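Undergrad: Here's a structure for you.
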Amino acid sequence: MISWVGIDISKTNLVVWVQPQNEGFDVSNTSQGFVELIEHLSCYEVGRVLLEATGGYERRVMAALQDANFNVLRINPRRARAFAVAMGKNAKTDPIDAAVLADFAEVLHASRDKVISPEREALRELVQLREHFVQQRDDNKRRLQQAQLPTAITAIKEHIRYLQTQIKQLEKSINQSMRDLDAEKAERLISVKGIGTVATASLLVYLPELGELDRREIAALAGIAPYNDDSGNHSGKRQIFGGRARVRRALYMSCWVVIRHQADFKARYEALRERGKSAKVALIACMRILLIRLNAMLRDGTEWR
């Protein structure tokens, strides 16, 4: 009998539920707890283990389960909650959430997540730290416009200079780390005018499936695929929905550079604007084409065209 497993994750604890056996148990979110979890699940013929993305607390247990050759899938918590509401389960506790995930694991049609590698996790940490420092720097620049006290102005300027230095150092570390992860893929992405070091690292971290899926799947995964909004006689505007916001942020500025420096993208963007499309819609359309071409380039092992 195939079993389906849901795991509700917190900082210190893992609440596990196994269907259709209706069995639950708890283990700690530690290395010892992972050993106990794997030993317990080894008694079942597990079809899939489903867990939610919980701000990074899920990464270690996910890696441990992948190392033990379990089919593990991580989903956005909003999807799990929407499934629970659709099934009429409005109450929310850790065991209930784990049971909902186990039910969802059985009906969800999706492939397993990419294996978490130490190199990718190292690059993720550097990229996210840089994002945090950039956000702090930009916040300080806004504060500087409002500051009046000389002492405050001096302190803010010094902090901005410190953050700028740290950002530059992080970019050097990111450059080395992404080559440790996949030097060939990194070189191919950087070779594209407009795709810099940070954008390349972000794509490697947040979209590891790049080069492995078809054009529709990769666009949907990034959240830049237009979806229909039709019902009966109603024909609504197509719009993007869901996907990975950090991938879109990485592509946003890169696509502007591509539009400025590559004639075919510039012509596509201007044609859309002339047809009355807003700047945002035109940019998203170019982002989608850019991502599809990057995906094809990595998938086929060809140079950028």
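The values are calculated or read from the model by the stated rules, or taken from the named source; none is laboratory data. The model shown is predicted, which means the values in this text are computed figures rather than measured ones. As a convention, Cβ positions derive from the backbone with ideal geometry for all residues, glycine included, and neighbour counts pool all protein chains shown.
Undergrad: Quick check on my filter: what residues within the range 43-60 are in a loop (DSSP other than H, G, I, E, B) and either in contact (Cβ under 8 Å) with a residue 24 or more places away in the chain or within 17 Å of the chain's Cα centre (by Cα) (or both)?
TA: Restricting attention to the range 43-60, the residues satisfying the condition of being in a loop (DSSP other than H, G, I, E, B) are 43-44, 53-58.
Residues satisfying the conditions are Y44, A53, T54, G55, G56, Y57, E58.
Undergrad: Restricting the range 277-295 to residues that are in a helix (DSSP H, G or I) and charged (D, E, K, R), which is farthest from Q239 (Cα to Cα)?
TA: Quick first cut of the range 277-295, residues in a helix (DSSP H, G or I) only: 279-295.
So of that shortlist, the ones also charged (D, E, K, R) come out as 280, 288, 293.
Working: K280: 12, R288: 13, R293: 21 Å.
Result: R293.
Undergrad: Answer yes or no: is there a residue in the range 107-116 that is part of a helix (DSSP H, G or I), under 24 Å from the mean Cα position of the chain (by Cα) and not acidic (D, E). Can you show your working first?
TA: Keep residues of the range 107-116 that are part of a helix (DSSP H, G or I), which gives 107.
Then keep just the ones that are under 24 Å from the mean Cα position of the chain (by Cα); that gives 107.
Okay, now just the ones that are also not acidic (D, E), so 107.
The answer is yes, given that some residue of the range 107-116 is part of a helix (DSSP H, G or I), under 24 Å from the mean Cα position of the chain (by Cα) and not acidic (D, E).
Undergrad: Return yes or no: is G33 assigned by TED's automatic domain parsing to the domain that holds R79, surrounded by 15 or more Cβ atoms within 10 Å (Cβ to Cβ) and either within 24 Å of the chain's Cα centre (by Cα) or farther than 15 Å from I116 by Cβ (or both)? Spell out the reasoning first.
TA: Values: assigned by TED's automatic domain parsing to the domain that holds R79: yes; surrounded by 15 or more Cβ atoms within 10 Å (Cβ to Cβ): yes; either within 24 Å of the chain's Cα centre (by Cα) or farther than 15 Å from I116 by Cβ (or both): yes.
Considered against the rule, which asks whether it is assigned by TED's automatic domain parsing to the domain that holds R79, surrounded by 15 or more Cβ atoms within 10 Å (Cβ to Cβ) and either within 24 Å of the chain's Cα centre (by Cα) or farther than 15 Å from I116 by Cβ (or both), G33 comes out as yes.
Undergrad: Same structure, new question: Of all residues in the range 116-149, count the ones that are more than 15 Å from Y206 (Cβ to Cβ), aliphatic (A, V, I, L, M) and surrounded by 14 or more Cβ atoms within 10 Å (Cβ to Cβ).
TA: Adding up the residues that qualify gives 3.
Undergrad: Mind counting the residues in the range 254-276 that are under 25 Å from L203 (Cβ atoms) and not in a helix (DSSP H, G or I)? Outline the logic, then answer.
TA: Of all residues in the range 254-276, those under 25 Å from L203 (Cβ atoms) come to 254-269, 272.
Next, only the ones that are not in a helix (DSSP H, G or I) stay: 262.
Counting residues in the range 254-276 that are under 25 Å from L203 (Cβ atoms) and not in a helix (DSSP H, G or I) gives 1.
Undergrad: Only one residue in V247, V257, V198 is over 22 Å from the mean Cα position of the chain (by Cα) and either closer than 30 Å to D139 by Cα or of a type in the set (V, I, T) (or both), so which one is that? Let's see the steps before the verdict.
TA: Numbers: V247 fails: over 22 Å from the mean Cα position of the chain (by Cα); V198 fails: over 22 Å from the mean Cα position of the chain (by Cα).
Only one candidate passes the filter, namely V257.
Undergrad: Give me the residue from the range 218-253 that is of a type in the set (D, E, K, R) and at pLDDT below 90 and, out of that set, farthest from E187 (Cα to Cα). If you could, list the steps in order and put the result at the bottom.
TA: The initial filter retains those residues of the range 218-253 that are of a type in the set (D, E, K, R), namely 229-230, 237-238, 244, 246, 248-249.
In the following step, the residues that additionally are at pLDDT below 90 were identified as 229-230, 237-238, 244.
Details: D229: 39, D230: 42, K237: 38, R238: 35, R244: 23 Å.
My answer is D230.
Undergrad: From A84, A63, A99, which residue is of a type outside the set (D, E, K, R), in contact with a strand residue (DSSP E or B) (Cβ under 6 Å, 6 or more places away or on another chain) and assigned to a helix (DSSP H, G or I)?
TA: Working: A84 fails: in contact with a strand residue (DSSP E or B) (Cβ under 6 Å, 6 or more places away or on another chain); A63 fails: in contact with a strand residue (DSSP E or B) (Cβ under 6 Å, 6 or more places away or on another chain).
Among A84, A63, A99, only A99 is of a type outside the set (D, E, K, R), in contact with a strand residue (DSSP E or B) (Cβ under 6 Å, 6 or more places away or on another chain) and assigned to a helix (DSSP H, G or I).
Undergrad: In addition: Please verify whether the range 8-16 includes one or more residues that are touching a residue at least 60 places away in the same chain (Cβ under 8 Å) and acidic (D, E). Full working, then the answer.
TA: The initial filter retains those residues of the range 8-16 that are touching a residue at least 60 places away in the same chain (Cβ under 8 Å), namely 8, 10, 13, 15-16.
Still in the list and also acidic (D, E): 8.
Looking for residues that are touching a residue at least 60 places away in the same chain (Cβ under 8 Å) and acidic (D, E), one finds at least one in the range 8-16, hence yes.
Undergrad: For the range 145-232, list the helices (runs of 4 or more DSSP H) that sit wholly inside it and hold at least 1 residues that are basic (K, R) and closer than 28 Å to A285 by Cβ; which are they? Spell out how you get there, then give the answer.
TA: On the way: elements: 150-190, 197-206, 215-222.
Fully inside the range 145-232 and qualifying: 150-190, 215-222.
For (1) more than 28 Å from W304 (Cα to Cα); (2) in the same structural domain as R293 (by TED's automatic domain parsing); (3) surrounded by fewer than 14 Cβ atoms within 10 Å (Cβ to Cβ); (4) in contact (Cβ under 8 Å) with a residue 24 or more places away in the chain, each residue gets a yes or a no:
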{"site": "T151", "(1), (2), (3), (4)": "yes, no, yes, no"}
{"site": "K157", "(1), (2), (3), (4)": "yes, no, no, no"}
{"site": "L163", "(1), (2), (3), (4)": "yes, no, no, yes"}
{"site": "M178", "(1), (2), (3), (4)": "no, no, no, yes"}
{"site": "L203", "(1), (2), (3), (4)": "no, no, no, yes"}
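Undergrad: Assess whether A263 counts as being more than 28 Å from the chain's Cα centre (by Cα), more than 30 Å from P77 (Cβ to Cβ), modelled with pLDDT of 90 or more and surrounded by 11 or more Cβ atoms within 10 Å (Cβ to Cβ). Please lay out each step first, then the result.
TA: Values: more than 28 Å from the chain's Cα centre (by Cα): yes; more than 30 Å from P77 (Cβ to Cβ): yes; modelled with pLDDT of 90 or more: yes; surrounded by 11 or more Cβ atoms within 10 Å (Cβ to Cβ): no.
No.
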